[in-house]
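Structure record follows, encoded as structure tokens.
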Amino acid sequence: MQGGQRAARRVHRRGEPGGPLWTVKTDALTAPQHTITTTAQDAVREAVTLLIRTREIRPDSSAGPVDFVLHDVDSEERARELAAALHAALYGDLEPLTT
């Protein structure tokens, strides 16, 4: 965990290279005081389901409730985009998930 997120107690997000593909990881364990709303959780689950159905991520990717892992994202740019959208959704801004 990065020191800044631990100190600030914020939701942690990152993209990791895995060969030519990327893994996006977001978790709220670093922010125990942060509550993920049912609306946000449902939106994230729906977005992850769509990404799986369109084969943009692997079927064993997870959609919470506390940690979120998206396997086999095809580029660093897309991994950063998805990480930012997940992070925004967990803080109540669902718009990036729908664009």
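The values are calculated or read from the model by the stated rules, or taken from the named source; none is laboratory data. All values reported here derive from a predicted model rather than from experimental measurement. Cβ coordinates were reconstructed from backbone atoms using ideal geometry, including for glycine residues, and neighbour counts include every protein chain displayed. Quick note on the areas: whole protein, heavy atoms, side chains included, nothing else; ligands and nucleic acids left out. Shrake-Rupley method; radii C 1.70, N 1.55, O 1.52, S 1.80 Å.
Residue check, residue 24 against (1) under 12 Å from the mean Cα position of the chain (by Cα); (2) surrounded by 18 or more Cβ atoms within 10 Å (Cβ to Cβ); (3) at pLDDT below 85, all met but one. Which one?
Result: residue 24 fails condition (3) only.
Residues being in a helix (DSSP H, G or I) and surrounded by fewer than 15 Cβ atoms within 10 Å (Cβ to Cβ): count how many of those fall in region 90-99.
To start, the set of residues in region 90-99 that are in a helix (DSSP H, G or I) comprises 90, 95-98.
Pick out the ones that are also surrounded by fewer than 15 Cβ atoms within 10 Å (Cβ to Cβ) and you get 95, 98.
Adding up the residues that qualify gives 2.
Only one of (1) open to solvent by 90 Å² or more (accessible area, probe 1.4 Å); (2) modelled with pLDDT of 90 or more; (3) of a type outside the set (Phe, Trp, Tyr) fails for residue 57. Which number is that?
Going through (1) open to solvent by 90 Å² or more (accessible area, probe 1.4 Å); (2) modelled with pLDDT of 90 or more; (3) of a type outside the set (Phe, Trp, Tyr) one by one, residue 57 breaks only (1).
Take region 60-69 and flag every residue that is touching a strand residue (DSSP E or B) at 6+ places or on another chain (Cβ under 7 Å) and either open to solvent by less than 20 Å² (accessible area, probe 1.4 Å) or not charged (D, E, K, R) (or both).
Across region 60-69, the qualifying residues are 61, 62, 66, 68, 69.
Any idea how many residues of region 79-89 are crowded, with 17+ Cβ neighbours inside 10 Å and not small (Gly, Ala, Ser)?
Summing the residues that are crowded, with 17+ Cβ neighbours inside 10 Å and not small (Gly, Ala, Ser) in region 79-89 gives 3.
Given the criteria surrounded by 12 or more Cβ atoms within 10 Å (Cβ to Cβ), more than 17 Å from residue 98 (Cα to Cα) and at pLDDT 90 or above, does residue 72 qualify?
Spelling it out, residue 72 is indeed surrounded by 12 or more Cβ atoms within 10 Å (Cβ to Cβ), more than 17 Å from residue 98 (Cα to Cα) and at pLDDT 90 or above.
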